[in-house]
Amino acid sequence: MQRSSALAALTGDTRPFDIAIVGGGATGLGAAVDAASRGHRVLLVEQSDFAKATSSRSTKLVHGGVRYLRQGNISLVFEALRERGLLCQNAPHLVHDLAFVIPTYHWWEGPFYGIGLKVYDGLAGTLGLQPSRSLTRDDVLELLPTIETEHLTGGVIYHDGQFDDARLAINLAQTATEQGAVVVNYMACTGLIKSNGHVTGLKLRDAEGGAEHEVQARCVINATGVFADALRQEDDAAAAPILRPSQGVHLVLPRDFLPGDTAIMIPKTDDGRVLFAVPWHGRCIIGTTDTPVEHASLEPRALPEEIEFLLSHAARYLTRDPLPGDVLSVFAGLRPLVNAKQGSTASLSRDHHIEVADSGLITITGGKWTTYRRMAEDVIDQAELVAVLQPRPCRTEELPVHGACNAGRPNAHLRYYGGDAAHIEGLERPERIHSRLELTEAEVLWHARHEMARTVEDVLARRSRCLLLDARASSEAAPAVALLMANELGRDDAWVAEQTQAFAALASGYVL
Ligand SMILES: Cc1cc2nc3c(=O)[nH]c(=O)nc-3n(C[C@H](O)[C@H](O)[C@H](O)COP(=O)(O)OP(=O)(O)OC[C@H]3O[C@@H](n4cnc5c(N)ncnc54)[C@H](O)[C@@H]3O)c2cc1C
């Protein structure tokens, strides 16, 4: 997947695209894979990097959502559990089974959660993971040696999926490209082209150099997540906003706060929130919060009260209280929550929303990473109607994601690359960039050559997950990454200095 080839395809062929998608997060990339694999001519543009916004800032769970079960939202859980099963099947290099323990501190919690989780197991049907079961106090302590023991009575263990969100986004961009889509990052949609009130194309600006382009499309999909209202209002200035972004923050701690391979799930904190402590890439992620925010931003920042909430609640459930100095990284993301009561929103599912404006602009938002494939299927069914395309059956239920490979990798660090791991090893550059990070020189070369990484941030935040794993070490690694990339991309010393400085400024927002 190379940006120069995508750019040539974008500018060199003036035929209209069947479907143009704005937004390169989970929703847009899923839609591009779906549409291209049906055989449609597809363009996807992303203003920044793929998954720069919400899609790289999730809790990293591929889940049915135990809490939705508590709310009685059975159809939503059923759909998500089915998608969980399909994703395990189609992206085994990125998704794996993770055990979660709900520790219990009152006698009635064991049977209460136990029954609920049996329903959860049952809803997954043949695509289920390992079944849930009750645990004694000793079982819990064996699995979670650092859990708070005071008043602990036992627990319940259940299984869900865990994944690497940004790597899935990159692999989806590669899958879409392999299926024939034109997929370009750092290409902003600056306006809509209209004819007789109908959207017929996009105005674009290349963030690399500022060139302006116009492309024609039979249909345009707005998959811009928390930014969706901006494009809706570009289409119709009177359109009422439908999004209410809500911020979720995660803290990343050293692994010794949660040794072992089991996650902790607190279904209801004192103030009614769900809290996770999850092992991920050799660290422990604690999250999350739910704070309404007024304005969408590409780099949301954790509020002091959110950090305080997470630290104090982690202290309640762990034997050792985490302090600000223990935090390796803090990251915030914005949930694209839809206010369905406003606007003429047509709901195809209780979780995601698809709206078709009078101009033909299709907006899809809401949902979650786990259900991206189903969201894509729904929106492309809709796009075929709007664009009057020959309807074609969805193929993604059985379409492997780029890199899909079941073979265990001897080098565990590269397992997230799936089938590409062998090519990365073949580059014979195993030297690490930084002693506290596992990232190797070979990976940086691979990111620049084959994964459309354009900046140091692309490599350290999303192609690898260094920024989330250790923000300070990432900042120290930035000059070396910039030099390697400059050689690959033909950049000069000024670019190296500018990139190093820009990344240091960004990373300073991820440390406490
Ligand atoms: C804290 C938190 C935890 C979560 N945890 C989970 C979880 O564990 N499991 C799960 O399944 N889901 C989870 N989710 C939900 C999931 O992350 C989101 O539903 C999903 O990532 C949304 O993807 P999206 O593509 O709709 O939006 P985004 O990822 O935000 O993508 C929209 C893209 O559009 C681009 N864009 C905007 N305007 C333009 C323009 N004019 N031109 C070009 N591009 C543009 C943006 O740059 C952005 O990259 C979580 C969400 C949050 C916030």
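General observations
- Positive-end residue, the chain charge dipole about Cα centroid, Cβ charges, pick of ALA188, LEU414, LEU144: LEU144
- Between the range 494-512 and the range 266-321, the alpha-carbon center distance in angstrom: 25 Å
- Entry note, the range 412-508: relative contact order of 24 percent, from Cα contacts under 8 Å with a spacing of 6+ residues.
- Note on the range 412-508: with charges restricted to the Cβ of Lys and Arg (+1) and Asp and Glu (-1), its dipole about the Cα centre is near 280 debye.
- Total charge dipole magnitude, the chain, about the Cα centre, Cβ charges on Lys, Arg, Asp, Glu only, Debye to nearest 20: 740 debye
- Shown for the range 85-150 is the translational diffusion coefficient from the Stokes-Einstein equation, using the Kirkwood radius over Cα pairs, a temperature of 25 °C and a viscosity of 0.890 mPa s: 179 µm²/s.
- The loop-placed trypsin sites (Lys or Arg not before Pro) in the range 450-500, going by DSSP, include none that has at most 13 neighbouring Cβ atoms within 10 Å of its Cβ.
- Normalised by the number of residues in the range 51-178, the mean separation of alpha-carbon contacts (under 8 Å, six or more apart) gives a relative contact order of 37 percent.
- Rule-of-thumb Rg ratio for the range 156-244 [Cα; 2.2 N^0.38 Å; N residues]: 1.42
- Relative compactness, the range 11-79, computed as alpha-carbon Rg over 2.2 N^0.38 Å: 1.49
- For the pair the range 411-487 and the range 223-253, the centres of their Cα atoms are 31 angstrom apart.
- An ellipsoid equivalent to the range 68-204, defined through the eigenvalues of its Cα gyration tensor, has semi-axes of 43, 18, 15 Å when rounded to whole angstrom and sorted largest first.
- Given charges at Cβ of Lys, Arg, Asp, Glu: the range 218-286 dipole, positive-most of THR269, PRO259, ASN222: PRO259
- Extending 7 Å from the Cα toward the beta-carbon at both TYR105 and ARG15 defines two label points whose distance is 6.4 nm.
- Square roots of 5 times each gyration tensor eigenvalue, C-alpha, the range 196-252, largest first, Å: 26, 19, 10
- Loop sites in the range 186-253: GluC sites (Glu not before Pro), DSSP, at most 14 other Cβ within 10 Å: GLU208
- Among the chymotrypsin sites (Phe, Trp or Tyr not before Pro) found in the range 87-174, those both in a DSSP coil and sparsely packed, with 16 or fewer other Cβ atoms within 10 Å of their Cβ, are TYR105, TRP107, TRP108.
- Farthest toward the positive end of the dipole of the range 12-66, out of THR54, LEU44, GLY12, is the Cα of THR54, where the dipole comes from beta carbon charges about the Cα centre.
- Efficiency of FRET between ASP492 and ASN73 - r from beta-carbon atoms, R0 41 angstrom, step 0.05: 0.15
- Normalised contact order of the chain, rounded percent, pairs of Cα under 8 Å and 6 or more residues apart: 19 percent
- Residues within the reach of a label modelled at HIS423 (point 7 angstrom out along Cα to beta-carbon, backbone nitrogen below 14 Å), restricted to the range 435-457, are 443-453.
- Residues of the range 262-301 falling in the label zone of LEU152, defined by backbone nitrogen less than 12 Å from a point 7 Å along Cα to beta-carbon, are 264.
- Label point distance in nm, ARG301-PHE112, each placed 7 Å from Cα along Cα→Cβ: 3.9 nm
- Normalised by 2.2 N^0.38 Å, where N is the number of residues, the alpha-carbon radius of gyration of the chain equals 0.95.
- Estimated Rh, the range 412-508: Kirkwood, alpha-carbon pairs, angstrom: 13.2 Å
- Estimated inter-spin distance, ALA207 and GLN89, nm [label 7 Å along Cα→Cβ]: 3.6 nm
A short reminder: the numbers here are calculations on the coordinates, not readings from a lab. Bear in mind the structure is a predicted one, so any value in this text is a computation, not a measurement. When we count neighbours, we look across all protein chains shown, and the Cβ atoms used for this are built from the backbone with ideal geometry, even at glycine.
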